[in-house]
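Please treat every number below as a calculation from the coordinates, not as lab data. Source: prediction; values computed, not measured. For neighbour counting, all protein chains shown are included, and Cβ atoms are generated from backbone atoms with ideal geometry for every residue, glycine included.
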Amino acid sequence: MEIGILGGTGLEGKGLALRLGLAGFSVKIGSRIRSQALRKAQELQRELKIHGSTVHFYGQENCEIVKTSELIFLAVPFERATGLLRECRPFFREGQILVDVTVPLQFRDKRVELRKLAEASGSEHLVKSLPNNVALVAAFKTIPAHLLANLEAQLDCHVFVCGDLQQANYQVVQLISKIKGLSALDVGSLREARTLEHMCALAIQINKKYRVHSSRFRLLDF
């Protein structure tokens, strides 16, 4: 499977790429500027080599990622996501899966809250910018980016997956199951993304209140 990351040069993209690389997957790192993508791909490959991995990373412009990948992670900040999807829309093709890891957060009066959107969740907002034959799956919304990016850290948590196409959800769950320390659960249709985004905001509030850094979720009966 050809895997690419839109916005792969940021912290979230780095963490996803490194964890997928350790699981044995080659990953294409996307950026607005190809030279930045190439530099980041080389940097991440050097880091993986230290951990004994021989997989290859590649750097491409974001739209090229869409042209050449089957499963694409959307890892840009939420406020840039709609514009990027519209820019890349002509290059999407039938059967692709977009994994939305963004959360529409904003900080106000020392509190974190979700942006007010016409739709109930960021994922339900972003899916409107995709062609109808491309599936959007929400995942990785409740795991801190810095934790994914720290290969010395143990993840030991669940990833909640939701989307309106069951086969796409299944493929994402199977991919996540290859990453050490993560257990994936399909929690239903895309409407559940609103709950996952609130869980992200809650985890950040817990971090702030108790002065911890890596709150995440694990269900004990699984």
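Here are a few things to note about the model shown:
- The alpha carbon centroids of region 9-50 and region 90-131 are separated by 23 Å.
- Highest-MSF residue in the chain out of Ala201, Ala193, Ala118 [GNM, Cα springs under 10 Å]: Ala118
- Label-to-label distance for Gln174 and Phe91 is 2.6 nm, based on points extended 7 Å past Cα in the beta-carbon direction.
- Result for the chain in a Gaussian network model with C-alpha springs under 10 Å: among Gln42, Gln167, Gln96, the largest mean-square fluctuation is at Gln167.
- For Cα Rg over 2.2 N^0.38 Å, the candidate list reads (1) 1.57; (2) 1.07; (3) 0.95; the entry that matches the value derived from this model is (3).
- Relative packing of peptides 60-67, 72-79, 179-186, 109-116 - highest average C-beta neighbours within 10 Å first: 72-79, 60-67, 179-186, 109-116
- Gained length - Leu165 relative to Lys128, 0.36 nm times residue gap less alpha-carbon distance: 11.8 nm
- Relative contact order (%) - criterion: Cα under 8 Å, at least six apart; region: the chain: 18 percent
- The chain: DSSP helices with Cα axial extent of at least 18 Å and average Kyte-Doolittle hydropathy no lower than -1.0: 193-210
- Extension gain from Ser189 to Ile206, taking 0.36 nm per residue of separation minus the Cα-Cα distance: 3.4 nm
- Global geometry of region 106-222, whether rounded, prolate or oblate, following the gyration tensor of its Cα atoms and the 1.5 cut on a/c: oblate
- Protection proxy ranking, peptides 3-14, 84-95, average beta carbon neighbours within 10 Å, highest first: 3-14, 84-95
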